[in-house]
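Just below is one structure, and these are the notes that go with it.
The values are calculated or read from the model by the stated rules, or taken from the named source; none is laboratory data. What you see is a predicted model; the values in this text were computed from it and never measured. Neighbour counts run over all protein chains shown; Cβ positions are idealised from the backbone, glycine included. Just so you know, the surface numbers come from the protein's heavy atoms only, side chains and all, with ligands and any DNA or RNA stripped out. Shrake-Rupley method; radii C 1.70, N 1.55, O 1.52, S 1.80 Å.
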Amino acid sequence: MFDHIFKPKSIALIGASRSPGSLGHDVLENIKKLGFKGKIYPVNLKANQILGLTCYPSVLNIKGNVDLAIIMVPANFVANVLEECGKKKIKGVIIISAGFKETGEAGAAREEQVKAIIKKYKIDLIGPNCLGIINPHINLNASFADGMPEKGKVGLISQSGAMAVAIMDWAYQSKIGFSKIISIGNKAGLSEIDLMKYLAQDPETKVIMMYLESITDGQAFMKLSDKITNTKPIIVLKSGTSSAGVAAISSHTGSLAGSDRVIKTAFKQCGVIRAKTVEDLFDFAKAFSLAPLPRGNRVAIITNAGGPGIMATDALSDTHLVLAKFTNETNAYLHRHLPKSASVHNPVDIIGDALADRYQLALEAVLSDKNVDAVITILTPQTMTQEDETAYLASKLAKKSRKPIIAVFMGGEDVNSGRLILQKFGVPNFDYCERAVRSLDKMYFAKKIKTDIILAKYQGKNKKLNFSTRKCQIRTVEAEKILQEYDLPVLKSTLIPDKAHFKKINYWPVALKIASRDIIHKKAAGAVVVNNHTPFQAEKSFDLIVKNVKKSNPQGEIEGVLAQPMAKGKGMEVVVGMKRDVNFGPTIMFGLGGSFVEVFKDVSFRLAPLTKKDALKQMAEIKSFRVIEEYDIDLLAEIIVKISHLSLDYPQIRELDLNPIIIQKKGGHIIDVRMLI
């Protein structure tokens, strides 16, 4: 797809320089001296030769074909040289130069010029304002980063050049190799989505690792990730997820669905593994690239010291993993062959004098146990410990086994030679038990999530609101009409503009609440009175509601009050809501309702669209699910699904709350609705 960028046979470097330490010199030197075998064409108006290579005043003066051009000239000259690349029919371009939208209005205008030119000539562009790209498999370092990373199976996409350099340095220490390293900068051309597609079909890439500050198209990202993670794990370190600086949000759903929550929900739904730190990023990449995924969550722990075994067991309690329960045959075998002082139950403590043969005996026994899905083997350096021999046998067994073996060789220099052996033979090794457990947990999650969640399909109908929307909140009676379009069980309200209209009501008792687009949280404003049994009682409530609203919001709109029949029968209060994320679209919330939703925050989220199966799983995630599962959860699931469809159909609606919904043993009612545009 993009082999003209990542596997070029010829490269033109526009802005190549004779001055050591300059960008144009260092990138050229990297390409020439680190072993790239293709043709190299330096481009410089004032030089005849650089680093022994013939120099050209323009790419148009180069006689041969050029697969890739790397532009390193000042930003105000970029458009001209990019135009020349188009005329030369160069299909791949990397703009390393900075000075574009990241610098303000003038830079943004220059970037728009760049976009117009690449569209005109159908150029595949990486950048501008990027580090460049590296392909260790062909000894190509087309960047200004030092050295050549190890060849490996991890493809890295980084939105930050500085972060890419830091990751490369960390990877060198961790002995992790790369298939491709791609710094995408401002994403004026190719985005992370385009490059994910490339790495998905790249045979040299087994794991896709990304550092992202923004996501170009959340829905496209999710759909693509859902496909890719069937065959290759995607591990993402996403920054910029705090709520600082976000505009004030009015609805319950909006206040709880922060940007970090949306990212977490999106990644979970499409099977992306999220790293919280750079350390996590490498730990997960190491585990995924070197070991098979576990079939289940049952873990055996083998250790030559009791303390680390307990630490590993404790770490399991914070994950989806559990200690495996060995079969009677496994326990009997270990009891017969291990010392009397050893612990034959999980974790298996083979005690401090264990040599390599005792590790082998224990490893072979638990690996053959049908109740074991993965093994963590821990080694601490004792006087008689055989670090190297143990590393060799663990590597040998890992190569033969379909179950992952995760090694934890704890200590300093005493175990370094064993670590090097594990690295050589591709066995993931960690310094500490907690890191090994976290990594194995993510591997299990990746396996489980692909069988549990399949992205639902639903095309929004792009309906238009056909009533006045001068203010951000839609009138309650109009919002109820929208809910009725989807056969949602809303208790219909009647607008009472003045007290005289109570005589026309023929259903009692009623609940009364303010009719005002300026009051979002009616109960908090003292604008709700329930159980009005007579017109006289309703008139007094009318006066109280109006008085309270005028006190809390003197300039607020008051259209009257809304009269609603009281729901019959007892039930549980829950909430269903939606907030539209700018990148990922409608985020659907479910949780306990009423005024406690923001107190307890016992809520779960999904991104639209949803199936009934998705909705049932979403409900089961809240801590208080056992309290509501005796009620009509099938109806709740239908409400969640229909709200997800409504949200896609009406893109103008940015937030909505159905709070509370009174759910009963059979049936239920939506008591209050608010919609914000």
### Query
Say we look at the range 464-495 and pick out the residues that are touching a His at 6+ places or on another chain (Cβ under 9 Å) and hydrophobic (A, V, I, L, M, F, W, C); which of these is most open to solvent (accessible area, probe 1.4 Å)?
Leu495
### Query
Somewhere in the range 186-200, is a residue in a loop (DSSP other than H, G, I, E, B), over 29 Å from Asn583 (Cα atoms) and over 21 Å from the mean Cα position of the chain (by Cα)?
no
## Note on the structure
Note on the range 658-677: residues outside any strand (DSSP E or B) and either of a type outside the set (A, V, I, L, M, F, W, C) or over 19 Å from Val510 (Cα atoms) (or both) are Gln664, Lys665, Lys666, Gly667, Asp672, Ile677
### Query
Hey, among the residues in the range 368-384 that are surrounded by fewer than 24 Cβ atoms within 10 Å (Cβ to Cβ) and either part of a helix (DSSP H, G or I) or among the polar types (S, T, N, Q) (or both), which one's nearest to the chain's Cα centre (by Cα)?
Asn371
### Task
Mind counting the residues in the range 522-580 that are surrounded by fewer than 17 Cβ atoms within 10 Å (Cβ to Cβ) and either at positive phi or in contact with a Pro (Cβ under 9 Å, 6 or more places away or on another chain) (or both)?
9
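Conditions (1) modelled with pLDDT under 95; (2) touching a strand residue (DSSP E or B) at 6+ places or on another chain (Cβ under 7 Å), marked per residue:
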| position | (1), (2) |
| --- | --- |
| Met311 | no, no |
| Ala315 | no, no |
| Asp318 | yes, no |
| Leu355 | no, no |
| Ala362 | no, yes |
| Val372 | no, yes |
| Thr377 | no, yes |
| Leu393 | no, no |
### Task
Search the range 16-39 for residues that are more than 26 Å from Lys151 (Cα to Cα) and open to solvent by 60 Å² or more (accessible area, probe 1.4 Å) and pair each with any residue that is outside any loop (DSSP other than H, G, I, E, B) and among the aliphatic types (A, V, I, L, M) when their beta-carbon atoms are under 6 Å apart and the residues are at least 6 apart or on different chains.
Arg18/Ile50
### Task
Check Glu573 against each of (1) assigned to a loop (DSSP other than H, G, I, E, B); (2) in contact (Cβ under 8 Å) with a residue 12 or more places away in the chain and name the one condition it does not meet.
(1)
### Task
Tell me which residues, restricted to the range 615-657, are over 30 Å from Lys471 (Cβ atoms), open to solvent by 10 Å² or more (accessible area, probe 1.4 Å) and assigned to a helix (DSSP H, G or I).
Leu616, Lys617, Ala620, Phe625, Arg626, Val627, Ile633, Asp634, Leu635, Glu638
### Query
Would the range 475-488 turn up any residue that is polar (S, T, N, Q) and under 36 Å from the mean Cα position of the chain (by Cα)?
yes
### Query
Do the conditions hold for Lys522, that is, is it charged (D, E, K, R), out of contact with any helix residue (DSSP H, G or I) (no Cβ under 8 Å at 6 or more places or on another chain) and not in a loop (DSSP other than H, G, I, E, B)?
no
### Query
Where in the range 97-182 are there strands (runs of 3 or more DSSP E), lying fully within it, with 1 or more residues that are under 26 Å from the mean Cα position of the chain (by Cα) and modelled with pLDDT under 95?
151-158
### Task
Could you give me the residue pairs with C-beta distances under 6 Å whose first residue belongs to the range 582-597 and is modelled with pLDDT under 90, whose second residue is among the small types (Gly, Ala, Ser) wherever it lies, and which are 6+ apart or on separate chains?
Asn583/Gly218; Leu592/Ser624; Val597/Gly591
#### Entry: Neighbours by Cβ (under 6 Å, 6+ apart or cross-chain): first from the range 317-334, more than 15 Å from Arg298 (Cβ to Cβ); second open to solvent by 90 Å² or more (accessible area, probe 1.4 Å)
none
### Query
Has the range 429-437 got at least one residue that is acidic (Asp, Glu), in a helix (DSSP H, G or I) and within 30 Å of the chain's Cα centre (by Cα)?
yes
### Message
I'd like to check something: does the range 217-228 contain any residue that is more than 15 Å from Ser439 (Cβ to Cβ), outside any helix (DSSP H, G or I) and either at pLDDT below 95 or open to solvent by 40 Å² or more (accessible area, probe 1.4 Å) (or both)?
### Response
yes
### Task
Looking only at the range 509-518, decide whether some residue is more than 18 Å from Glu480 (Cβ to Cβ), without any contact (Cβ under 8 Å) to a residue 60 or more places away in the chain and open to solvent by 60 Å² or more (accessible area, probe 1.4 Å).
no
### Which listed residue is assigned to a strand (DSSP E or B) and either at pLDDT below 95 or β-branched (Val, Ile, Thr) (or both), from Ile70, Ile5, Ile31
Ile70
### Selection count where residues are in a helix (DSSP H, G or I) and open to solvent by 10 Å² or more (accessible area, probe 1.4 Å), scope the range 595-613
7
